[in-house]
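Beneath this line is the structure, given in structure tokens, with notes to follow.
The values are calculated or read from the model by the stated rules, or taken from the named source; none is laboratory data. Since we're looking at a predicted model, the values are computed, not measured. With ideal geometry, Cβ positions are generated from the backbone for all residues, glycine too; neighbour counts draw on all protein chains shown. The area values use the complete protein model at the heavy-atom level, side chains included, leaving out ligands, DNA and RNA. Shrake-Rupley method; radii C 1.70, N 1.55, O 1.52, S 1.80 Å.
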There are 2 protein chains.
Amino acid sequence: MEIQLQIKMNEKLFLRDPVQSELGKKIILHSIQLIHQSGFEAFTFKKLAEAIGTTEAGIYRYFENKHRLLMYITAWYWSWLEYQVAFHTHNIQDPVVKLKKIIQLLATAVEDDVATSHIDESLLHQIIITEGSKAYLTRKVSEDNKDHLFKPYKDLCAKIGNIILECKPDYQYPKSLSSTIIEMAHFQNFFMNNLPSLTDFGRSKDESEIVNFIENLVFSSLNRPAKTEE
Amino acid sequence: MEIQLQIKMNEKLFLRDPVQSELGKKIILHSIQLIHQSGFEAFTFKKLAEAIGTTEAGIYRYFENKHRLLMYITAWYWSWLEYQVAFHTHNIQDPVVKLKKIIQLLATAVEDDVATSHIDESLLHQIIITEGSKAYLTRKVSEDNKDHLFKPYKDLCAKIGNIILECKPDYQYPKSLSSTIIEMAHFQNFFMNNLPSLTDFGRSKDESEIVNFIENLVFSSLNRPAKTEE
DNA sequence: CTTTAAAAGATAGTGTTACTATTATTTAAA
DNA sequence: TTTAAATAATAGTAACACTATCTTTTAAAG
């Protein structure tokens with residue numbers, strides 16, 4: 001049985017749909033590899049074109065510029081992750097168990113998903129950790145947001161927020177806690193590997209400790225006894 | 001009484017010390033203004049030179065490139081904030097009160113500090129929210145880290161970590177919680193203003209709600225009853 | 001099997017960015 | 001008053017971020 005997973009992307013993310021052609025798929029595949037290798041700053045359409053064996057102009061027919069390409073791959077990642085979440089939490093009743101599963105999915109290295117041949121999810125995960133926030137930390141956020149380019153991220157955040165509310169219906173900050181979980185899963189990973197003294201996992205470099213930390217944080221808050229102290 | 005606050009910066013951050021000359025101070029002042037106006041991506045040494053009334057080559061005598069300049073102003077900010085923390089928590093005994101004060105300092109807009117004439121801290125605070133993480137989210141982190149360029153950030157993180165331990169000596173993740181507080185104070189602010197659906201403060205756009213959220217999160221964790229549930 | 005259109009490839013060109021180098025002028029200390 | 005340091009002025013280069021145009025290939029439609 002061979003199943004190919006297709007994620008429908010917002011059309012504003014590209015000029016020509018990359019999944020519709022060989023060249024398009026090569027662009028995605030190689031841009032992930034190149035960005036992973038040398039980082040987004042050093043990544044250029046020229047290098048990408050050389051890696052693929054096409055020309056700069058060829059890439060520009062698919063993506064307006066490299067920032068839009070980054071937007072595309074991050075949006076793809078969040079969509080894919082939402083699918084992963086749906087898949088792995090399916091049939092789980094207890095919202096606490098669900099939420100733990102989600103934290104684990106967020107904070108743990110992913111394996112390459114065979115259902116998407118032109119994308120290496122484990123590389124992508126690494127990229128999102130380092131480059132993901134650059135997709136929105138720009139002056140064009142609001143503009144990009146109006147084009148709904150962050151919808152996958154927001155959908156995932158909303159979904160996690162709802163599960164948080166299932167755990168504790170009167171919790172006041174489901175969305176903020178949700179975005180905190182997402183961001184911290186990545187930031188703590190980046191810090192652990194690059195600025196270890198900002199974390200408590202610098203020695204072990206063990207992702208499961210990030211899971212423990214986030215679980216501790218989240219469930220302390222959600223299991224908190226009704227207002228007495230403070 | 002007029003007191004000027006001087007922060008000693010790591011010499012690797014610059015080629016020529018900007019606080020030692022008028023031109024240098026202008027570079028800092030105007031770069032903060034320009035980055036605040038149009039963002040770090042759009043910021044160039046040419047524009048900066050024009051704004052100051054000098055030449056590109058003039059700027060290059062002070063800073064190797066614009067990334068180093070960003071490193072400089074972020075490092076300056078964290079040093080200044082550590083001083084603020086020391087100042088505002090001085091004479092406070094209760095570590096919980098201290099920690100609350102720190103959360104408030106991190107998450108709340110700062111007023112311009114008159115003791116530093118060439119720097120507008122309120123603009124700087126805005127810059128750090130949007131551009132701060134770009135200082136370390138690069139391929140050069142480890143290299144920059146070896147030059148101790150992140151020391152101010154790490155010092156602040158360690159300081160907060162110690163106060164966390166004062167609150168709860170057996171807490172397992174003081175450093176991770178500390179970096180989480182710092183990052184979330186900024187990220188939730190960015191989200192609140194730019195991608196409000198990722199937070200629960202999109203309506204009010206009230207910074208004090210960020211303070212409440214972070215306090216809730218932190219003190220749930222620190223007041224957590226000794227292992228029983230979960 | 002041929003026409004036609006779309007996609008891709010090849011090539012060239014432009015303005016901007018990120019620098020480096022050189023020389024002249026100002027300023028400020030010896 | 002000399003001298004050195006800092007600054008200003010100017011020029012130049014390689015890479016980057018595009019845009020334009022034209023030709024060839026490919027693939028669908030008639």
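Being of a type in the set (D, E, K, R), over 30 Å from B:Leu165 (Cβ atoms), open to solvent by 20 Å² or more (accessible area, probe 1.4 Å) and within 14 Å of chain A (Cβ to nearest Cβ), is that true of even one residue in segment B:20-43?
Going residue by residue through segment B:20-43, those that are of a type in the set (D, E, K, R) are B:22, B:25-26, B:41.
Then drop every residue that is not over 30 Å from B:Leu165 (Cβ atoms), which leaves B:22, B:25-26, B:41.
Subset that is open to solvent by 20 Å² or more (accessible area, probe 1.4 Å): B:22, B:25-26, B:41.
After this cut, where a residue has to be within 14 Å of chain A (Cβ to nearest Cβ) as well, the list is B:41.
Checking segment B:20-43: at least one residue is of a type in the set (D, E, K, R), over 30 Å from B:Leu165 (Cβ atoms), open to solvent by 20 Å² or more (accessible area, probe 1.4 Å) and within 14 Å of chain A (Cβ to nearest Cβ).
Let's see how each residue does on (1) in contact with a helix residue (DSSP H, G or I) (Cβ under 8 Å, 6 or more places away or on another chain); (2) more than 14 Å from DNA strand D (Cβ to nearest atom):
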{"residue": "A:Lys12", "(1), (2)": "no, yes"}
{"residue": "A:Ile28", "(1), (2)": "yes, yes"}
{"residue": "A:Ile35", "(1), (2)": "yes, no"}
{"residue": "A:Gly39", "(1), (2)": "yes, no"}
{"residue": "A:Lys47", "(1), (2)": "yes, no"}
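Looking only at segment A:164-198, count every residue that is within 22 Å of B:Gly202 (Cα to Cα) and surrounded by fewer than 20 Cβ atoms within 10 Å (Cβ to Cβ) and tell me the total.
From segment A:164-198, those within 22 Å of B:Gly202 (Cα to Cα) are A:164-166, A:168-184; that's our starting set.
If we keep only those that are surrounded by fewer than 20 Cβ atoms within 10 Å (Cβ to Cβ) too, we end up with A:165-166, A:168-172.
The qualifying residues number 7.
Out of the residues in segment B:17-73 that are of a type in the set (Val, Ile, Thr) and more than 9 Å from DNA strand C (Cβ to nearest atom), state the one that is nearest to A:Lys66 (Cα to Cα).
As a first pass, look at segment B:17-73 and keep what is of a type in the set (Val, Ile, Thr): B:19, B:27-28, B:32, B:35, B:44, B:52, B:54-55, B:59, B:73.
Now narrow it down to the ones that are more than 9 Å from DNA strand C (Cβ to nearest atom): B:19, B:27-28, B:32, B:35, B:52, B:54, B:73.
Details: B:Val19: 37, B:Ile27: 30, B:Ile28: 30, B:Ile32: 26, B:Ile35: 21, B:Ile52: 31, B:Thr54: 32, B:Ile73: 27 Å.
Checked segment B:17-73; the qualifying residue nearest to A:Lys66 (Cα to Cα) is B:Ile35.
Sort out which residues of segment A:170-200 are farther than 17 Å from B:Ile181 by Cβ and touching a residue at least 24 places away in the same chain (Cβ under 8 Å), and write them in order of number.
The answer is A:Tyr171, A:Asn189.
May I ask you to list the residues in segment B:47-71 that are aromatic (Phe, Trp, Tyr) and surrounded by 16 or more Cβ atoms within 10 Å (Cβ to Cβ)?
Step one: filter segment B:47-71 for residues aromatic (Phe, Trp, Tyr), giving B:60, B:62-63.
Residues satisfying the conditions are B:Tyr62, B:Phe63.
Here is a list: A:Lys140, A:Lys151. Which entry is farther than 28 Å from B:Asn145 by Cα, under 17 Å from the mean Cα position of the chain (by Cα) and not β-branched (Val, Ile, Thr)?
None of the other options fit; the residue is A:Lys151.
On the given criteria, is A:Ser117 more than 9 Å from every other protein chain (Cβ to nearest Cβ), open to solvent by 40 Å² or more (accessible area, probe 1.4 Å) and closer than 26 Å to B:Thr138 by Cβ? Give the derivation first.
Working: more than 9 Å from every other protein chain (Cβ to nearest Cβ): yes; open to solvent by 40 Å² or more (accessible area, probe 1.4 Å): yes; closer than 26 Å to B:Thr138 by Cβ: no.
When the stated conditions are applied, A:Ser117 does not pass them.
Would you mind finding the one in B:Leu29, B:Leu15 that is of a type in the set (A, V, I, L, M), in a helix (DSSP H, G or I) and touching a residue at least 12 places away in the same chain (Cβ under 8 Å)?
Values: B:Leu15 fails: in a helix (DSSP H, G or I).
That would be B:Leu29, the only listed residue that is of a type in the set (A, V, I, L, M), in a helix (DSSP H, G or I) and touching a residue at least 12 places away in the same chain (Cβ under 8 Å).
Find the residue count for segment A:185-226, including only residues that are basic (Lys, Arg) and at the interface with chain B (Cβ under 8 Å from one of its Cβ atoms). Please lay out each step first, then the result.
Step one: list which residues in segment A:185-226 are basic (Lys, Arg), which gives A:203, A:205, A:224.
Going one step further and asking which of them are at the interface with chain B (Cβ under 8 Å from one of its Cβ atoms), we end up with A:224.
The qualifying residues number 1.
Suppose we filter A:Glu111, A:Glu143 for residues that are open to solvent by 50 Å² or more (accessible area, probe 1.4 Å), more than 20 Å from B:Thr138 (Cα to Cα), assigned to a helix (DSSP H, G or I) and without any contact (Cβ under 8 Å) to a residue 12 or more places away in the chain; which single one remains? It would help to see each step written out before you state the result.
On the way: A:Glu111 fails: assigned to a helix (DSSP H, G or I).
It is A:Glu143.
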